[in-house]
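Read through the structure below, which is laid out as structure tokens, and then see the notes.
The values are calculated or read from the model by the stated rules, or taken from the named source; none is laboratory data. As the structure is a computational prediction, the values presented were derived from the model and not from experiment. Quick reminder, even Gly has a Cβ in these numbers, built from the backbone with ideal geometry, and neighbours come from all protein chains shown. SASA here: full protein model, heavy atoms, side chains in, ligands and nucleic acids out. Shrake-Rupley method; radii C 1.70, N 1.55, O 1.52, S 1.80 Å.
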Amino acid sequence: MKLSYKVFLDWVDFSGGAKDLANVLADLGFPNDGITAVGGGLDQVVVGKVLTKTKHPEADRLNLLTVDIGSEQLPIVCGAHNMKVGDFVALAPIGATIPGKDGQGMAMKEAKIRGQTSKGMCCSLVELQLANESEGILILPSEKISDKDLGRKVSELFDWQDWILEVDITPNRGDALCVRGLAREVAAKLGLKMKTLNTIKWKNPVSTVNPFIESFSDASGFAACLVNGVKFGETPEKWQNFLKSFGARSISNLVDITNIVMFELGHPLHFFDADKVDAQTIGVRRARPGETLVLLNDTVLELHPDDLVIADATGPLSLAGVMGGAKSSISETTKNILIEVASFNPASIRATTRRHQIFSESSVRFEKGLTIFHLDEVIERALALLKELSDFEIAAGTKIVDKQIQPKQILWDRGRIEAKLGKIGKTDDELFEFLRRLEYSFEPKGSTVAVNFPWYRTDVQHLEDVMEDIGRLLGYENLEKKPLVSFESKKFWKDLTPELKLSDQILDSFISFGFSEAIHLSFSSPALEKKLGYEGDDFVVVENPIHSEKSVLRRSILPGLLARAKENAFNGEDEIRLVEVGPIYSASGETIFEESPKAERLSIACVWLPRPQDKKHLWNPNTDPFFIFKGMMESIWSPFKMRPARNLQIPAFYPKRILNHPHGFAGELHPTVLKAMDLSGRAFVGEWLIQGRLADERYEFPFIYPSIDMDASFVAGENLSVGAMMECFQKTKAPYLEWVRPYDIFQSEDLKPKKKSMTFAMRYRNLERTLTLEEAKNSHEQLIASVLKTFQPFEIALR
Amino acid sequence: MAELTSSKTIDLLKTLSSEAKEKISAAKLAVDVEQVRVSYFGKKGFISEVLASLKNFNAEARKEIGQVSNQVREELESLLSQKKAELETRELDQKLLKDQLDPTAPGVFYPRGELHPIRKVLREAVQIFEKAGLTPAYGPEVEYENYCFDKLNFKPGHAARDMQATFFVKNQGTERLVLRTHTSPVQVRILLKAAQNNFELPIRVQIPGRVYRVDDDSTHAPMFHQIEGLAVDRTATMGDLRAVLDYFFRNFFDEKTKIRFRPSFFPFTEPSAEVDASCVFCKGSGCKVCKQSGWLEVAGAGLVHPEVFDLCGWDSKSVQGWAFGLGIERLAMLKLGIPDLRLFFENRLSFLRAAQK
Ligand SMILES: [Zn+2]
């Protein structure tokens, strides 16, 4: 809410500046989003009088002025034309600094403009921060100044200087969206006096006005007051400026009064042209099916049966609490008015504004909730303003309120208050005195005291609400501070810490292999997911996505990660290694949480796009990237024992270049997937589910007995794979075999065509004692015999 | 006679010794040094020959000459091996320098990997809160609207719901689902679970995780990370809450960091507070980042609202607790000097790898 510092001073005798006021409000729970200075340069400019005005000899669009500032007569070059000889102007002399057009500050220096000396500047409203736009320079109103004022600071003669605070009001404080609300808070905290307002009583109830409320759950109070003999006209400047400081503009004296009261007291009210409504049948009800309403801004609204309207026997007159109707609105011919002040169900107003996308100063206040107490006061203040700005003869009407609604009351419980706020160094009476300033009241009740909440608060009912007000008035910083204490928490929920510790370790392992961690939004699109094979109706679908590309939650990390790898490549990055760990979502299936509405699982994925220019392996080992990837994956995953994953969609891989892991997949992507993703080169990817937990680590004694190394070379048909050989070695279970490693594989002209040579190194060791050569040889022969027998079809032989 | 002869021989040894010294110092190559050794100490070497003639002297002379010759030999041997080692080292260096390897060519490229800045900050924050005794707890991101709002005392149709623009999730069932707008529904889950477990106390947890809001501009992302804190027991006060946050921010930023509480409003806490930390950039003296205030808004906090206890099956008169929530992205921007929120989710490698330590 915009709050004028100057307006505020009319309400409370506050001695600090605008920034001090902002700080006090922030300490009360009303922080501010900035302070705008109005007329920031007024104490820098002086009153000047234009003595001569001629055209600049070199430039038609410039004027040469002589301006009298009392002590001297200054030559001024001016780009504006709206002044005439004899006008009073706001002159910034040499040495002055005014805000300037951009508000960044502008220092006056003597200047030569096309050969003519200028010793200052005639300022415009914009340059003095008095308006956002203006034409020509500011001509000071001559009725308020005379020649004896020449040279005086403009700020001494005109009180235009002000500061507008942009105050944040939390959704629970609809009552604080007005000067009185904020003034009351500041006055209470600092112990200052508040101004009392002029009011005029109205006659009530009367039989001539007979309002109704269809349902107290929609509206808890409704007051209607007929006022005869009002005069339509203009609003005086003082009140126009008041409205301007709240960001509102003046329309007519009658309409302006409704806004003035709203900004003063926080309660919106509406004036109907009384000759266009029926005071005997007016009231608040829900709209009937098919009803329409032409609003003040001439839009035709098709009303919803849940909308609240003010209506009489002829039909809807206004959209309750939101906007008036065109038919019954105030006009130049208005002679009599009907004042409507009500309290509506905030949820209903909020639903209506959302439904029709119509928001107003009134709806903003009603949807935060406004009390039914003091409806009379709103009318009384409006009548006083009518007397001041218009006129009237008789004011009489009727008010109905839901009598069930009473001010909230609670029992004082000092023990409980201190149990939550900490020790308070004030007596009960001192606290009561503080709270009375916020219009709390207290009365004895049994052995304790009953606390009546302030009439204007709609959101309070607990002792905790009183605690908050005590905290706000004393200052949160003055509450008791305590040392850090810690107790072990009870745990009765499924603990995911072991899973997350595991995922942290796996992630760190990827990082050590040069993968950088990406974190993406959880959103994806079915089109993108489909490129990696995720289709069907198992998506978690967002009802109101920001963007069609964010319409579902990802079922896999890979599509988004691969798309990002591509963007990185497009941005000129190379050797792209990305890893991401996080949740994946599906409509059904396994989930890691208890009582989880949809399935959420933890996954980790990686993408590697090798340096494209490294085809010649200039700086990398002379190894195909597939084997570098395979080696990295083996090294990363070897320490972790993972639970097998079910229902894992596997994307299309380059034939045979796939690494099968029980808990996921990895390999080189199929060229068609690359094409679909608009990628060139080669891409290696993997995705794994993180299921299970970190196993307890176990260490063993290191080897102490020596090993015996042997090797064996074979020639076989070229179709025999190293993998098949390795598998056979493993299966043979030759005693003492510690490991087998292929160390030379080649095809050459020395061999017969379609043959290849494979050499393996073997290490044998006995863990309990020294292995004899005899034992090693026996085992080695067993191993060789097994391979020769198994791969007979490949015409395998020892070399 | 014997003396005269022995002195002659001694003179001869001394002459040979100084000759040899000159040759050693003049040697240019290790092989030259070896030659000098052979020519003096070899089988036919000068000094060897002199010593061979020793048998012609009497015992006393032999002893005298022997002493001198030992001295000469020790001295020369030491000079020889010293010179040889010196020359060999120099020759090896010269040989190595002639090697064809161009050491200015680049090394094999091992790319650096970096954790995401959000991860770094998240891990650090979780660790600090663990030290303060808060156990991590987690919950689903696709959440019941009831847990995300109603049970946290967001009344249906209340303007407070506008504080958190919400993504809704399509659902066949009757329950309305949302993408959680904050980590607070995990509070609800824990309170409900505890109510089924005889209201055992204390509860002291931290809840890190992803949250979602319908918002997408330069300072808001539709998804971000939060850490929530929750303590429930019979004595938790505003002072205890303050102590935990004070401990956190001193450890997270630096020991001199101060915090302050300002009144605020959240539907699920009462009293509620906005928490400021002294500006990490200007140390509280005022700068552009803190809008000259010296303070930065870093968390929301408060005492658990009695309605929340009641809605989760507790008796709000007999229990109390505090809660807080903080945004990881904001903390990461402050701590790591990250200039723009959008950088977090663009995941450009040039950004991810840019960390200077
Ligand atoms: Zn600062």
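Figures for the structure shown
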item: Those residues of region A:406-463 which are among the small types (G, A, S) and without any contact (Cβ under 8 Å) to a residue 60 or more places away in the chain, in sequence order; result: A:G415, A:A419, A:G425, A:S441, A:G446, A:S447, A:A450
item: Counted residues, region A:642-661 - those being surrounded by 12 or more Cβ atoms within 10 Å (Cβ to Cβ) and outside any strand (DSSP E or B); result: 10
item: Residue match in region A:725-734 (condition: more than 30 Å from A:K530 (Cα to Cα) and among the β-branched types (V, I, T)); result: yes
item: When residues of region B:123-144 are limited to those that are surrounded by fewer than 21 Cβ atoms within 10 Å (Cβ to Cβ) and closer than 25 Å to A:L553 by Cα, the one nearest to the other protein chains (Cβ to nearest Cβ); result: B:P136
item: Region A:540-566, subset hydrophobic (A, V, I, L, M, F, W, C) and open to solvent by 20 Å² or more (accessible area, probe 1.4 Å), residue modelled with the lowest pLDDT; result: A:I546
item: Strands (runs of 3 or more DSSP E) within region A:680-799 that include 1 or more residues within 30 Å of A:E600 (Cβ to Cβ), open to solvent by less than 30 Å² (accessible area, probe 1.4 Å) and at pLDDT 95 or above; result: A:684-689
item: Residue within region A:155-169 that is in contact (Cβ under 8 Å) with a residue 40 or more places away in the chain, within 14 Å of another protein chain (Cβ to nearest Cβ), open to solvent by 40 Å² or more (accessible area, probe 1.4 Å) and under 44 Å from the mean Cα position of the chain (by Cα) present; result: yes
item: Residue that is nearest to the ligand (Cβ to nearest atom), among those in region B:324-337 that are of a type in the set (A, V, I, L, M, F, W, C) and within 13 Å of chain A (Cβ to nearest Cβ); result: B:A332
item: Selection status of A:K675, among the basic types (K, R), open to solvent by 100 Å² or more (accessible area, probe 1.4 Å), assigned by TED's automatic domain parsing to the domain that holds A:V607 and out of contact with any Gly (no Cβ under 8 Å at 6 or more places or on another chain); result: yes
item: Residue in region B:161-182 that is in a helix (DSSP H, G or I) and either more than 39 Å from the chain's Cα centre (by Cα) or more than 7 Å from chain A (Cβ to nearest Cβ) (or both) present; result: yes
item: Failed condition for A:K420, given (1) open to solvent by 70 Å² or more (accessible area, probe 1.4 Å); (2) of a type in the set (D, E, K, R); (3) part of a helix (DSSP H, G or I); result: (1)
item: First in region B:261-287 and within 7 Å of chain A (Cβ to nearest Cβ) and small (G, A, S), second anywhere and open to solvent by 30 Å² or more (accessible area, probe 1.4 Å) and within 11 Å of the ligand (Cβ to nearest atom), Cβ under 9 Å, 6 or more apart; result: none
item: Breaking point among (1) buried (at least 21 other Cβ atoms within 10 Å of the Cβ); (2) more than 30 Å from A:V466 (Cβ to Cβ), for A:F30; result: (2)
item: Residue among A:S348, A:S362 that is open to solvent by less than 30 Å² (accessible area, probe 1.4 Å), facing chain B (nearest Cβ under 10 Å) and over 22 Å from the mean Cα position of the chain (by Cα); result: A:S348
item: Residues (in contact with a helix residue (DSSP H, G or I) (Cβ under 7 Å, 6 or more places away or on another chain) and either of a type in the set (G, A, S) or touching a residue at least 60 places away in the same chain (Cβ under 8 Å) (or both)) located in region B:150-160; result: B:K151, B:L152, B:N153, B:F154, B:G157, B:H158, B:A159
item: Criterion (within 10 Å of chain A (Cβ to nearest Cβ), more than 16 Å from the ligand (Cβ to nearest atom), outside any strand (DSSP E or B) and of a type in the set (K, R)) met by exactly one of B:K291, B:K317; result: B:K317
item: Complete set of residues in region B:19-33 that are free of Cβ contacts under 8 Å to residues at least 60 places away in the same chain and in contact with a helix residue (DSSP H, G or I) (Cβ under 7 Å, 6 or more places away or on another chain); result: B:A20, B:K21, B:K23, B:I24, B:V33
item: Condition met for A:N336 (in contact (Cβ under 8 Å) with a residue 24 or more places away in the chain, open to solvent by 30 Å² or more (accessible area, probe 1.4 Å), closer than 30 Å to A:N228 by Cα and not small (G, A, S)); result: yes
item: Residues of region B:294-305 satisfying the condition of being away from the ligand (no atom under 16 Å from the Cβ), more than 9 Å from chain A (Cβ to nearest Cβ) and in contact with a helix residue (DSSP H, G or I) (Cβ under 7 Å, 6 or more places away or on another chain); result: B:A299, B:A301
item: Members of region A:404-438 found to be more than 14 Å from chain B (Cβ to nearest Cβ), modelled with pLDDT of 95 or more and closer than 21 Å to B:S316 by Cβ, listed by number; result: A:W412, A:R414
item: Residues within region A:293-311 that are over 19 Å from A:S360 (Cβ atoms) and either in contact with a helix residue (DSSP H, G or I) (Cβ under 8 Å, 6 or more places away or on another chain) or among the β-branched types (V, I, T) (or both), tallied; result: 0
item: Flag for B:K43 being under 60 Å from the mean Cα position of the chain (by Cα) and either open to solvent by 50 Å² or more (accessible area, probe 1.4 Å) or not assigned by TED's automatic domain parsing to the domain that holds B:N70 (or both); result: no
item: Matching option when the condition is at pLDDT 80 or above and open to solvent by less than 80 Å² (accessible area, probe 1.4 Å), among B:S18, B:S6, B:S53; result: B:S18
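One line per residue, one yes/no per condition, for (1) open to solvent by 20 Å² or more (accessible area, probe 1.4 Å); (2) of a type in the set (F, W, Y); (3) part of a loop (DSSP other than H, G, I, E, B); (4) in contact with a His (Cβ under 7 Å, 6 or more places away or on another chain):
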| position | (1), (2), (3), (4) |
| --- | --- |
| A:L21 | no, no, no, no |
| A:V50 | no, no, no, no |
| A:V77 | no, no, no, yes |
| A:H81 | yes, no, yes, no |
| A:S124 | no, no, yes, no |
| A:E133 | yes, no, yes, no |
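Results for (1) touching a residue at least 60 places away in the same chain (Cβ under 8 Å); (2) surrounded by fewer than 20 Cβ atoms within 10 Å (Cβ to Cβ); (3) more than 7 Å from chain B (Cβ to nearest Cβ); (4) not in a strand (DSSP E or B), shown as yes or no for each residue.
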position: A:V466; (1), (2), (3), (4): no, no, yes, yes
position: A:I470; (1), (2), (3), (4): no, yes, yes, yes
position: A:E480; (1), (2), (3), (4): no, yes, no, yes
position: A:K491; (1), (2), (3), (4): no, yes, no, yes
position: A:P498; (1), (2), (3), (4): yes, yes, yes, yes
position: A:A527; (1), (2), (3), (4): no, yes, yes, yes
position: A:K530; (1), (2), (3), (4): no, yes, yes, yes
position: A:D537; (1), (2), (3), (4): no, yes, yes, yes
